Structure formats: C-alpha cells, structure tokens
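Here is the structure we will look at, set down as structure tokens.
No lab work stands behind these numbers, since they all come straight from the coordinates. Given the structure is predicted, the values throughout are model-derived calculations rather than measurements. Quick reminder, even Gly has a Cβ in these numbers, built from the backbone with ideal geometry, and neighbours come from all protein chains shown.
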Amino acid sequence: MSDTTPTSGSGSILIKGARVIDPLSGLDATRDVLVRDGRVVAIEDSISDTAERVIDAAGKVLAPGLIDPHVHLRDPGQTHKEDIASGTLAAVAGGFTSVCCMPNTSPCLDTPEIVEYIKAKADREGHCRVFSVAAATQGRKGERLAEIELCDQAGAVGFSDDGDVVESASMMRTVLQTVKHTGKAFMQHCQELTLTQGATMHAGSVSMKLGERGWPREAEELIIERDIRLNRSIKCRYHIQHMSSGNSVELVARAQAEGIPVTAEASPHHLHLTHKAIETHGTMAKMNPPLREQHDVDALRKGVADGIITILATDHAPHHIDEKRNPLCDAPFGIIGLESAFSLYHKALVEPGHIDLPKLIELMTINPAKLCNLDECGIGSISVGGVADLTLIDPEHEWTLGNEHLVGKSSNTPFLGWDLGARPVMTIVGGQVRWEA
C-alpha cells in the first residue's frame, strides 16, 4: 500500500472495551471503536451496532497505527536483503501501519520515476503504507542537487542522503534552501567523513582492546553543529537521524531553545546497547552510527524524557546473513528493527519510568506523522471519520524474541533471546486486519 491519500478497506470491525489512546486529541479512556469501509465511524462508551468482526479488547490498548520514518526496504536493487513485500510484512508484525523508506537503493531513490516505482510496487505488494524519502543530491554523492521539486510533486514525504552525509557546507546550504520551499523536512545522516574513514565501532576502550579503528562522537556532533549554524537563517525543517552521542542532545536542546526548527530521533539499539556488545555479538552489533557508552545511552533516554528527542525510528537495516558473517572490518553496518521496536522502546523508556505509555505512543505515531506531513491526510491519530490505521497493544504481554518472530528476509539483530514485554498484537491498515498475534 502507498499513497498520501489513505485507501479504504471493506467490511466492518467493532473493537470493544479497549483503552483508546490518541495523543493528538488527548483521548485516553476505555471506549468501543467501530470501523467500517476503512474509516473510524464511531468512538463511544458503548457501541451496540453489529459488525462482521467483533474484537474483545479488554485489557488492551488501541493506538493510532505506528509510523516508522526511517526504514531501509532495499528495493530497488538489493532485494536479496529485503523487498517491499517482506519489509512491510515485518512492519505490520511490529504494529507499524506506515513506513518511510530511505533512498540508499540501487538505483538511488533520487528521481520522480523511482518515487512512482515505489508507490506502484507498494500498492501491489505492500502490507502497510509505504512513503518515499527521496535523496537530496544525485546518487547521494553530495555534488549536484537531485530533482527535489519533482520528487516532492511525485509524493516524496521528506529528503535525505541517508547512508551518506551531505559533506559540503555549500551544498548543504543549497539543500536546506531548496527543501524549505517544498515544506518537507531534510533528514541528515550526521557523519564527518574524515573522522570515520575505516572505522568500525565507537572510539573507546573496546576498540582499543580489539585493535579496531574508532569512530568518535565528534563525527556526529560536528555535522549537527555545522548544520544548525547553516540553518539558523534558512529555517528549513531539519531532522537528525539515529542520534548516538549524549552530547548531541545538548546541541539539539540549545537549537530548539533558539527557535531553530530542529528535531531528532533515537533508535532501539542506541537506547539499550553499548560498544561492549561488539565483544559478545560481533558484527550483529556493528551499526552506523556506532553503539557508544552507557552515559550516552543514559543521555539519550533523558533526551526523550525531557522532550528533546521527539521521534523514535528503527533504522531497520536488513542484511543477508552471509554478509554479516564477514570479519568486522568487512561486514556491513546495520540491524533490523521493525518486529521488535515497540517492545524494546517500552523496555528502555516506559518500564524504567522515563516516560509513560501515552508518551511512547506519541513518539511513534503523531510525531513521525508530523515530521513527514502525514498528519495532513489523517494519518497518526484516531478520530471519527478518520482513516482506520490502528494498532492494538497488549501492555501485559510477555515474550522472548526468537527467529520465529522475524518475518522479513533478514535476521541480523543482537536482540534475539531478549525477554520483552508490551507488544502489538493486531495491526489494522485501512480498516483491514493485516496482522495478528
């Protein structure tokens, strides 16, 4: 499925007795919800209407469908790792009803034709909605502008050279100025390249012990500082992807206090793991940006609690198992995340008391919807007359992540065997049940 105008499903579903949490409206109460023909037609204390399917949701939480603004579907060009069908199946298994795919494909997602290709293929094969984040420069090489305005017209919901930083300050200024005219956000992969060439992991005690070239925090922080300075007068919507350094949180906080339109996201692995995971998980813990130290984890969690980091995104990065079996220096960066993200966020943020469940849902629904302008077509909230993209969550669920839960093409994750709690148990997209536990 794709399209910025949500499609409608057929039939009717009555969800009885759920705790309905809608961060946009502030609703948090036990309600019945009636879905018909792809839309929410009633939210009431009690609904007696008949429906084709009645779901007893007592003890469950009904949220807007989860949205992931940062996934890699590997299509076109790398479909041995993932494709639109397998990636969106993994998405609905994790409670996601919308995902935004990154442009580091082959060929690069930098033309309106490839935006249209993604849209058409998702319509045929997708299990959830798929939106494109198009490249800002041609081939993500940072040398010439991509067809930003045409990609915008074709339906791109944001722009990024993800996987690569826009290295040139001059080009970065031009990108910010051009993207601003579209009203979309630019999403930066913050990596100062001269500090990271040949690096495999965080620069610290573990890299020294293993004899690996280290990747310092400053590689992320310098790009953030540069871009904030460039954007101070331009005021393009600027979003920092997969933040890893605790110091970066302070940079974002200061920019936000100045009124510069800066947002940031955190990913499950950076909220749980440190560079020590490399010693036990090897290449399964190799990611970009790298896992850092416990005080970085603590600062990122606090950044979420303080409202500085307002979006949670998986950076779902599937790789074939043979690629991850290579030595650390040769293996690709990245891990999968869609199937386990909600439970891992709950474990990192809700269970220790950093935030509550409604705030977690906000960070995974309406906030990413606003980042990608999806709220303008009713995605990211629950309302009468609105699109029926819904996620049913069991807050008391207990489960251990195993290979049987991984439904995509790849299984590269260090979280296998982890005992997890709260979990999405049903995913409804456009009024149709696309997945249930």
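Just to be sure I follow the definition: excluding the sites themselves, where is the longest run in the chain that has none of the GluC sites (Glu not before Pro) in a DSSP loop with at most 13 other Cβ atoms within 10 Å? Don't jump to the answer; show the numbers that get you there.
On the way: sites that count: GLU52, GLU143, GLU396, GLU398.
Result for the longest clean stretch: 144-395.
Hey, with R₀ at 25 Å, roughly what FRET efficiency would LEU328 and ASP298 work out to, going by the Cβ-Cβ distance, to 0.05? Working from the Cβ atoms, E equals 0.45.
Each part reduced to its alpha carbon centroid, segment 206-234 and segment 369-437 end up 32 Å apart. Listed by chain and number, the aspartates and glutamates whose C-alpha is less than 17 Å from the C-alpha of LYS276, apart from same-chain residues fewer than 8 away, are GLU212, GLU293, ASP296, ASP298. A dipole drawn for the chain from +1 and -1 charges on Cβ atoms has a positive end, and of MET201, MET172, SER46 the residue lying farthest that way is MET172. Restricting the calculation to Cα atoms, segment 161-272 shows an Rg/Rh of 1.00 when the hydrodynamic-style radius is the Kirkwood one.
Using a Gaussian network model on the chain with a 10 Å cutoff between Cα atoms, which of ASN367, ASN326, ASN231 fluctuates the most? So, out of ASN367, ASN326, ASN231, the one fluctuating most is ASN326. Taking every alpha-carbon pair under 8 Å whose residues sit at least 6 apart, segment 65-377 reaches a relative contact order of 17 percent.
Per the Debye formula on identical point scatterers at the alpha carbon atoms of the chain, with no solvent, log10 I(q)/I(0) at q = 0.08, 0.11 Å⁻¹ is -0.40, -0.79. Here the simple spin-label model places points 7 Å from the Cα toward Cβ, and for HIS397 and ASP306 these points are separated by 3.3 nm.
Just to be sure I understand the rule: take each whole DSSP H helix in the chain, project its Cα atoms onto its long axis, keep it if the span is 18 Å or more and its mean Kyte-Doolittle hydropathy is at least -1.0. Which ones pass?
On the way: long enough: 112-125 (20 Å, -0.89); 169-182 (20 Å, -0.01); 218-234 (24 Å, -0.46); 246-258 (19 Å, -0.16).
Membrane-span-like by this criterion, though nothing is claimed about a membrane: 112-125, 169-182, 218-234, 246-258.
Provide, as a two-decimal number, the C-alpha radius of gyration of segment 111-211 over 2.2 N^0.38 Å, N being how many residues it has. Write out the running numbers ahead of the final one.
Numbers: Rg = 16.8 Å, N = 101, 2.2 N^0.38 = 12.7 Å.
Here the Cα radius of gyration is 1.32 times the empirical estimate.
Panel order for PHE186, PHE96, by other beta carbons found within 10 Å of each beta carbon, from fewest to most: PHE186, PHE96. If R0 is taken as 51 Å, the Cβ-Cβ distance between TRP418 and ASP37 corresponds to a FRET efficiency of 0.80.
Among HIS320, HIS281, HIS127, the residue with the largest mean-square fluctuation in a Gaussian network model of the chain, with springs joining Cα atoms closer than 10 Å, is HIS281. Taking amide H as placed 1.01 Å from N in the peptide plane, GLY158 has its amide H under 5 Å from the amide H of ALA134, each at least 5 places away in sequence or on another chain. Within the straight-line cut-off of under 28 Å between alpha carbons, the lysines reachable from LYS359 are LYS16, LYS60, LYS184, LYS235, LYS302, LYS347, LYS370, sequence neighbours fewer than 8 places apart in one chain being disregarded. Among ALA317, ALA57, ALA169, the largest mean-square fluctuation in a Gaussian network model of the chain (Cα springs under 10 Å) belongs to ALA169. Estimated at 0.36 nm per residue, the fully extended path between GLN177 and SER383 surpasses their Cα-Cα distance by 70.6 nm.
Note on the chain: antiparallel DSSP beta bridges, both residues inside, total approximately 50 percent of the bridges counted.
Counting other Cβ atoms within 10 Å of each Cβ, which trypsin sites (Lys or Arg not before Pro) in segment 27-69 have at most 11 and sit in a DSSP loop? Please report the intermediate quantities before stating the final value.
Values: sites: ARG31, ARG36, ARG39, ARG53, LYS60; in loops: LYS60.
The qualifying sites: there are none.
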